[in-house]
Amino acid sequence: MKKTIYLSLAVMASLHAEELLEDISITEEGTTQVVKNISGEQLKSADLAEALYKNVPSVNIIRRSGIANDILLRGQKRDNINVTIDGAKVYGACPNRMDPPTSHVVTHAIEDVVVQEGPFDVEEFGVLSGSVKVKTKKPSKEVHGDLSLNAGSFDYKKASGTISGGSDKVRFLFSASTEEGGQYKDGNGRDFSEQLNDYTASTAAAGDDNFVYSTANQGKEAFQKNMYMGKVFVDLTPNQELQLSYTANRSDNVLYPSTPMDALYDDSDIFNLQYNLKNLSAYSKELNIQAYNSKVEHPMSTKFRNAGQVKYMTHALTTEATGLKVKNAVDALGQNITYGVDGSKRNWDGGYNITTVATGAVQNTRKSINDVETQNLGLFVKSKKELGKLSLEVGARYDDTSVQTATAKNN
């Protein structure tokens, strides 16, 4: 199947306003909100969705577990919201949104988040309802570090730390965090297991009893999550900078009582390379070249339920995104003009298998997502002009997108 996605135009006028909320500052500019200091100590949870929900009025969440909650932006959800981490596109592998894009970065590693409402971001592919741009911490040449220990309700525990330093030419940063939490309870004091037991007891379908948590998994921890991020920035010349970064997220045994399966693990790896050149000529105030690759593995299973005590089913899913973007900015005609090209390729694959508990034997049964590949090539241009406290932005983007499955490719 081949799709050509139309030319889109965006015109936005905005007035500046600023609001300070304790240690977190929220700056509003028209339909865009910038949330800074999001890694502040008052945010006990590492869940980015939770942090945005508490601080951005237009953001709500779908709470399905103790972590990895999904966001709604002005009522819109799923892939209608474009999420990037330092410019890299990250997709969840689960079709049921157990691992939304915002779950692949933790608040401890974040510098600020730009939330833009509406289809005004012409620099990114697929921005139909809004965008969330996550910017992680940058290394500094001064040697410094921080260590944080947090604890909260429902056996929540978190430890995180960052160290950064370097010289005028080379700077590095390493950040890590670990957290775990128990099953949160409802207003009646019932945890996940008890809520699910009460629900299945109230339904007429006898088969629902298969999806309650097994005796051995009653009261099981709701999740465990570890994050590691490393960055190296190199100043090649006074006006050329090379940025390299790698982020790894490892979540284990995430419980989802509202669905028949839980996540055995959610693993993601994000590789990012950026090359920035400034003041090359009168025609280039700043040239940015970026390449990235993100991979996500997400197997969800009935292993912890009554249905999985003899044999359990696993729905194993993977997704990988690779992208390249080149953009140039120039001051001309009394305004800032940015134009460029970007391309991306996403692969999404998944299938079911059954594991026999006694022997450990695994049998593959059927495909669920048959090696789907989405390729996109986009051209964009935008202009921004400052008129006192008024900012006027005009932009346009053209996308050409193709989607193919393994069946179509083989034929």
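The values are calculated or read from the model by the stated rules, or taken from the named source; none is laboratory data. Because the structure is a prediction, the values reported are computed rather than measured. So basically every Cβ, Gly included, is an ideal-geometry build from the backbone, and we count neighbours across all protein chains shown.
Let's see how each residue does on (1) of a type in the set (Asp, Glu); (2) within 19 Å of the chain's Cα centre (by Cα); (3) at negative phi:
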site: ASP235; (1), (2), (3): yes, no, yes
site: ASN239; (1), (2), (3): no, no, yes
site: GLN243; (1), (2), (3): no, no, yes
site: ASN249; (1), (2), (3): no, yes, yes
site: ALA263; (1), (2), (3): no, yes, yes
site: ASN279; (1), (2), (3): no, no, no
site: ALA291; (1), (2), (3): no, yes, yes
site: SER294; (1), (2), (3): no, yes, yes
site: MET300; (1), (2), (3): no, yes, yes
message: One residue is enough: does the stretch 182-205 have a residue meeting the conditions in contact with a Lys or Arg (Cβ under 9 Å, 6 or more places away or on another chain) and assigned to a strand (DSSP E or B)?
response: no
- prompt: Can you tell me which residues in the stretch 302-316 are touching an Asp or Glu at 6+ places or on another chain (Cβ under 7 Å) and either acidic (Asp, Glu) or crowded, with 20+ Cβ neighbours inside 10 Å (or both)?
  reply: PHE304
query: Can you tell me which of GLY130, GLY152, GLY161 is modelled with pLDDT under 85, within 30 Å of GLU221 (Cα to Cα), in contact with a Ser or Thr (Cβ under 9 Å, 6 or more places away or on another chain) and not hydrophobic (A, V, I, L, M, F, W, C)?
result: GLY152
task: Would you check if ASP146 is under 30 Å from GLU393 (Cβ atoms), of a type in the set (Asp, Glu), over 13 Å from the mean Cα position of the chain (by Cα) and not in a loop (DSSP other than H, G, I, E, B)?
output: no
- request: Please go through the stretch 174-191 and pick out each residue that is closer than 18 Å to TYR156 by Cα and under 25 Å from the mean Cα position of the chain (by Cα).
  value: ALA176, SER177, THR178, GLU179, GLU180, GLY181, GLY182, GLN183, TYR184
- request: Please identify the pairs in which a residue from the stretch 164-189 that is without any contact (Cβ under 8 Å) to a residue 60 or more places away in the chain has its Cβ atom under 6 Å from the Cβ atom of a residue that is aliphatic (A, V, I, L, M) and part of a strand (DSSP E or B), counting only partners at least 6 apart or on another chain.
  value: SER164/LEU173; PHE174/ILE163; THR178/ALA159
query: Which ones in the stretch 157-193 are surrounded by fewer than 19 Cβ atoms within 10 Å (Cβ to Cβ), among the polar types (S, T, N, Q) and more than 12 Å from HIS108 (Cβ to Cβ)?
result: SER167, ASN188
query: Name the residues in the stretch 206-232 that are within 17 Å of MET261 (Cα to Cα), in contact (Cβ under 8 Å) with a residue 40 or more places away in the chain and polar (S, T, N, Q), would you?
result: ASN210, SER214, ASN217, GLN224
- prompt: Tally time: how many residues in the stretch 269-318 are in a strand (DSSP E or B), within 24 Å of GLY343 (Cα to Cα) and of a type outside the set (A, V, I, L, M, F, W, C)?
  reply: 17
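Test LYS367 against the criterion of being more than 29 Å from the chain's Cα centre (by Cα) and either part of a strand (DSSP E or B) or of a type in the set (Asp, Glu) (or both), and give yes or no.
On the way: more than 29 Å from the chain's Cα centre (by Cα): no; either part of a strand (DSSP E or B) or of a type in the set (Asp, Glu) (or both): yes.
Judged against the criteria, LYS367 is not a match.
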- request: Name the residue, out of THR136, THR102, that is among the hydroxyl-bearing types (Ser, Thr, Tyr), in contact with a Leu (Cβ under 6 Å, 6 or more places away or on another chain) and closer than 21 Å to ALA51 by Cβ.
  value: THR102
- line: Sole miss for SER193 among (1) under 14 Å from GLY66 (Cβ atoms); (2) free of Cβ contacts under 8 Å to residues at least 40 places away in the same chain; (3) touching a helix residue (DSSP H, G or I) at 6+ places or on another chain (Cβ under 8 Å) is condition (2)
query: Going by the conditions given, is PRO57 part of a loop (DSSP other than H, G, I, E, B), in contact (Cβ under 8 Å) with a residue 12 or more places away in the chain and not aliphatic (A, V, I, L, M)?
result: no
query: Across the stretch 127-143, which residue is surrounded by the most Cβ atoms within 10 Å (Cβ to Cβ) among those that are out of contact with any helix residue (DSSP H, G or I) (no Cβ under 6 Å at 6 or more places or on another chain) and not in a loop (DSSP other than H, G, I, E, B)?
result: VAL134
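Return a yes/no flag: does the stretch 100-111 have any residue that is surrounded by fewer than 21 Cβ atoms within 10 Å (Cβ to Cβ), farther than 26 Å from THR401 by Cα and in contact with a Lys or Arg (Cβ under 7 Å, 6 or more places away or on another chain).
Here is the first cut: in the stretch 100-111, the ones surrounded by fewer than 21 Cβ atoms within 10 Å (Cβ to Cβ) are 111.
The next check asks that each one be farther than 26 Å from THR401 by Cα; those that pass are 111.
Next, only the ones that are in contact with a Lys or Arg (Cβ under 7 Å, 6 or more places away or on another chain) stay: 111.
Yes: one or more hits.
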